[in-house]
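Trainee: What follows is a single structure, and I will ask about it in a moment.
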Amino acid sequence: MQKFSLLLIILIALTSCKEKQVKAMEPVKPDVPFIWENANIYFMLTDRFNNGDTLNDLSFDRKDNAAKLRGFKGGDLKGVIKKIEEGYFTNLGVNAIWMTPIVEQIHGAVDEGTGLSYGFHGYWTKDWTSLDLNFGTKEDLKKLVAVAHKNGIRIVLDAVINHTGPVTDKDSVYPKNWVRTGPQCNYQDFESTVTCTLVKNLPDIKTESEENVELPKQLVEKWKAEGRYEQELKELDAFFAKTGYPKAPKYYIMKWLSDYITEFGIDGYRADTVKHTEANVWGDFKSVCDAAFAEFKKNNPDKVIDDNNFFLVGEIYNYGISGGKYFDFGDKKVNYFDGKFSSQINFEFKWNAAQSSYEELFSRYSSILNNELKGFGVLNYVSSHDDGQPFDKERTKPFESATKLLLCPGASQIYYGDESARPLIVEDANGDANLRSLMNWNDIENNPKTQEILTHWQKLGQFRSNHPSVGAGVHKMISEAPYVFQRTYIKENFKDAVIVGLDLIEGEKEINVGELFPEGTALKDAYSGKTGIVKSGKVVIDSPFSIVLLEEK
């Protein structure tokens, strides 16, 4: 009997933990507009996130012989769909998902000095017009976009124009009028960053070329074998006739990437290796994407999620918000914002987060974003797939990571597993493979500490999604000690205002709300669920937490 009772208690406890983790939080308020400058973007290495179909884990006769974490591990589009349908992203306050490239990768493998590697990461393209079977089918992508949009989530794919995949015994090099195979970049100035290959055996697309070139022979043969050569040719002819562009390599690729907009209705692109191509490439790419998005909206009015423009965020490696609109190559500065990108990934954030107080961080970012970068945005992150110096490499500060990232002005990038303290140091892994471990679903299901961390990220993520003022508003400190600040956002007829307190005493606390909320206003703490009434410019919240997220009830 005692054994039975003990077993019953354990089962109830486990069930309770699981219910606590999967319980849906309050949905985003329906009258809240989505604003890219305030977006909470979930960035996943598609292959490492969730395996929804084990039958496609090793396509194209690939082998399970790669070095540690350098081969395909099964993550796919069906796995992402499953987690959207379960409410995982909604609970996290995510309103956009960015996936690493899902186009067909090289079939072979190479050793770049860190062990035998396959194109599991998606950046080694073989054919831009096909999805890689390891990730799924076009029907899967169609369903993914539909399910995401139904749940208020936008889909951002990853665009690679700078290079093809490496050459292997299964993957031949593109023609010489398409790519260069040397010299290798040494990053001393603009030319040695752009007109060169990133690494050895990574053919560089001649993005400077305006020369008419024929299709690569290997693509022609492949498409003929797949029975779609004539259709692909017909679409290319129509594209070049419509745009007036020469049949140069970069424009072929832009056409192929734009097909994912017109055919599936994706909402944005993250552009890879931006600084390694000529700046005018991105102006042309923006024009092609904007035209494709307008065409999709015209042909599919029932599938349009909102009236936002197509989103383009660039990866200019080592760009920081301090540079404003410019990136400095040493011998020249280039503006990648005007007429090109909506936003840039902010490589500086992790340093600012480590070296600055909350107020120094928040006030500085608010000032830059509401002045020099007004109308544009930055995408902040604490960890990423190719940054070997993340904010919290040993995952000892998961709560601080969330608080600084999700409450900072600018858009937030949650790299898969930030919210669950997924390890960034893996035994026997080499280099960036450490950053690309499998999503730790088992910890989320069974580890109470992981669940506590996840809950913190969920509360802050939901608060951000419900309040554009958090990422896109104007910051103002109300009091230094205790630290309390306000954020306000106004656009046309929409107004949003919140007050946040950090590092407060646990238990009953009196919060100064300044002049933001009038006497008698009912406020709710979105973190604890507790409420209070504004009296003499203050509100009392009694909660066991040291943080309050105040919103009008």
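Trainee: If one takes the longest principal axis of the Cα atoms in the chain, at what angle in degrees, from 0 to 90 and to the nearest 10, does the Cα axis of helix 2-22 lie?
Mentor: 70
Trainee: Another question about this same structure. Against the globular-protein guess of 2.2 N^0.38 Å, express the Cα radius of gyration of the stretch 453-510 as a ratio, rounded to two decimals. Intermediate values should be presented prior to the final figure.
Mentor: Values: Rg = 12.9 Å, N = 58, 2.2 N^0.38 = 10.3 Å.
With N residues counted in the stretch 453-510, Rg over 2.2 N^0.38 Å equals 1.25.
Trainee: Could you give me the ³J(HN,Hα) list for the stretch 105-113, computed from phi with Karplus coefficients 6.51, -1.76, 1.60 and θ = phi - 60°, whole Hz, x at Gly and Pro?
Mentor: Values per residue, Gly and Pro as x: 9, 4, 8, x, 9, 9, 10, 8, x Hz.
Trainee: How far, in nm, would the chain grow between Asn177 and Asn440 when pulled straight, counting 0.36 nm per residue and subtracting the alpha carbon separation? Each step should come with its number before you reach the end.
Mentor: Numbers: separation 263, 0.36 × 263 = 94.68 nm, distance 4.46 nm.
Full extension from Asn177 to Asn440 adds 90.2 nm.
Trainee: Still on this model: Under the 0.36 nm per residue contour assumption, what length would be gained going from the current alpha-carbon distance of Glu295 and Glu230 to full extension?
Mentor: Additional length available on full extension: 21.1 nm.
Trainee: Given only helices, namely DSSP H runs of n ≥ 4 each adding -39500 (n - 2.57), what is the per-residue ellipticity at 222 nm of the chain, to the nearest 500 deg cm²/dmol? The partial results should precede the final answer.
Mentor: On the way: 16 runs with 173 residues, N = 553.
Result for the chain: -9500 deg cm²/dmol, rounded to the nearest 500.
Trainee: Give a residue-ordered list of calculated ³J(HN,Hα) values for the stretch 204-219 (Karplus: 6.51 cos²θ - 1.76 cosθ + 1.60, θ = phi - 60°; whole Hz; x for Gly, Pro).
Mentor: 9, 4, 7, 5, 7, 6, 10, 7, 5, 10, 7, 5, x, 4, 5, 6
Trainee: Let's test the formula: R0 of 51 Å, r as the Cβ-Cβ distance of Lys68 and Val304. What FRET efficiency results, to the nearest 0.05?
Mentor: Numbers: r = 44 Å, r/R0 = 0.86.
According to the calculation, E is roughly 0.70.
Trainee: For the pair Tyr187 and Glu85, what calculated FRET efficiency results from E = 1/(1 + (r/R0)^6), where r is the Cβ-Cβ distance and R0 = 51 Å, to the nearest 0.05? All intermediate terms of the calculation are to be shown ahead of the outcome.
Mentor: Details: r = 44 Å, r/R0 = 0.86.
Given R0 = 51 Å and the Cβ-Cβ separation, E is 0.70.
Trainee: Let me ask something else. Arrange the residues Arg436, Arg364 by how much accessible surface each exposes, largest first, with a 1.4 angstrom probe. Could you put the intermediate results ahead of the total?
Mentor: Numbers: Arg436 15, Arg364 85 Å².
Final ranking, largest accessible area leading: Arg364, Arg436.
Trainee: Next question, about the same structure. On a straight-distance basis, which lysines could pair with Lys83 in a cross-link, Cα separation under 19 angstrom, same-chain partners fewer than 8 positions away excluded?
Mentor: Lys18, Lys20, Lys23, Lys73, Lys138, Lys142, Lys143, Lys150, Lys459
Trainee: Still on this structure, please answer the following. Could you work out the relative contact order of the chain? I mean the mean sequence separation of Cα pairs under 8 Å and 6+ apart, divided by the number of residues, in percent. Please list the in-between numbers first.
Mentor: Values: 1108 pairs, mean separation 76.2, N = 553.
Relative CO of the chain lands at 14 percent.
Trainee: As a quick test, which of the pairs Lys325/Lys374; Lys333/Lys393; Lys397/Lys449; Lys126/Lys247 have an alpha carbon distance above 21 angstrom in this structure? Walk me through the intermediate numbers first.
Mentor: Details: Lys325/Lys374 10 Å; Lys333/Lys393 32 Å; Lys397/Lys449 13 Å; Lys126/Lys247 19 Å.
Check vs 21 Å cut-off fails for Lys333/Lys393.
Trainee: Further, regarding this structure: Points 7 angstrom from Cα along the Cβ direction at Lys491 and Glu221: gap in nanometres?
Mentor: So the label points at Lys491 and Glu221 sit 5.1 nm apart.
Trainee: Under a point spin-label approximation (7 Å from Cα along Cα-to-Cβ), what is the Glu480-Phe60 distance to one decimal in nm?
Mentor: In this crude label model, Glu480 to Phe60 measures out at 5.9 nm.
Trainee: What is the set of long-range amide H partners of Trp98 at a cut-off below 5 Å, with H atoms built 1.01 Å from backbone N?
Mentor: Hits under the 5 Å cutoff: Tyr42, Phe43, Met44, Val156.
Trainee: Let me ask you something else. May I ask which of Lys404/Lys530; Lys78/Lys234; Lys200/Lys404; Lys286/Lys404 have a Cα-Cα span longer than 28 Å here? Walk me through the numbers before you get to the answer.
Mentor: Values: Lys404/Lys530 23 Å; Lys78/Lys234 31 Å; Lys200/Lys404 38 Å; Lys286/Lys404 31 Å.
Check vs 28 Å cut-off fails for Lys78/Lys234; Lys200/Lys404; Lys286/Lys404.
Trainee: Follow-up. Just to confirm the filter: which GluC sites (Glu not before Pro) across the stretch 422-490 are DSSP coil and have at most 11 other Cβ within 10 angstrom of their Cβ?
Mentor: Values: sites: Glu427, Glu445, Glu452, Glu480; in loops: Glu427, Glu480.
Those satisfying the criteria are Glu427, Glu480.
Trainee: I need the phi-derived Karplus couplings for the stretch 447-463: 6.51 cos²θ - 1.76 cosθ + 1.60, θ = phi - 60°, integer Hz, Gly and Pro marked x.
Mentor: 9, x, 5, 4, 5, 5, 4, 4, 4, 4, 4, 4, 5, 5, x, 5, 4
Trainee: Now for a different question. Please quote Rg/Rh for the chain to two decimal places, taking the Kirkwood radius as Rh and restricting both calculations to Cα atoms. Numbers along the way, then the final one.
Mentor: Details: Rg = 24.3 Å, Rh = 24.8 Å.
Rg/Rh for the chain comes to 0.98.
Trainee: Right, next: Please compute the per residue accessible area over the chain with all protein chains in place, 1.4 Å probe, rounded to a whole number of Å². All intermediate terms of the calculation are to be shown ahead of the outcome.
Mentor: Values: 23410 Å² over 553 residues.
On a per-residue basis, the chain sits at 42 Å².
Trainee: Under a point-charge model restricted to the Cβ atoms of Lys and Arg (+1) and Asp and Glu (-1), what is the dipole moment magnitude of the stretch 186-265 relative to its Cα centre, in debye to the nearest 20? Provide the component values of the computation, followed by the final result.
Mentor: Details: 11 positive and 15 negative charges, 37 e Å.
Rounded to the nearest 20 debye, it is 180 debye.
Trainee: Counting other Cβ atoms within 10 Å of each Cβ, which trypsin sites (Lys or Arg not before Pro) in the stretch 122-214 have at most 12 and sit in a DSSP loop? Please list the in-between numbers first.
Mentor: Details: sites: Lys126, Lys138, Lys142, Lys143, Lys150, Arg154, Lys170, Lys176, Arg180, Lys200, Lys206; in loops: Lys170, Lys176, Lys200, Lys206.
Passing sites in the stretch 122-214 are Lys176, Lys200.
The values are calculated or read from the model by the stated rules, or taken from the named source; none is laboratory data. Bear in mind the structure is a predicted one, so any value in this text is a computation, not a measurement. Positions of Cβ are backbone-derived with ideal geometry, glycine not excepted, and every protein chain shown enters the neighbour counts. Ligands, DNA and RNA are stripped out before the accessible areas are found, and what is left, the full protein with its side chains, is counted by its heavy atoms. Shrake-Rupley method; radii C 1.70, N 1.55, O 1.52, S 1.80 Å.
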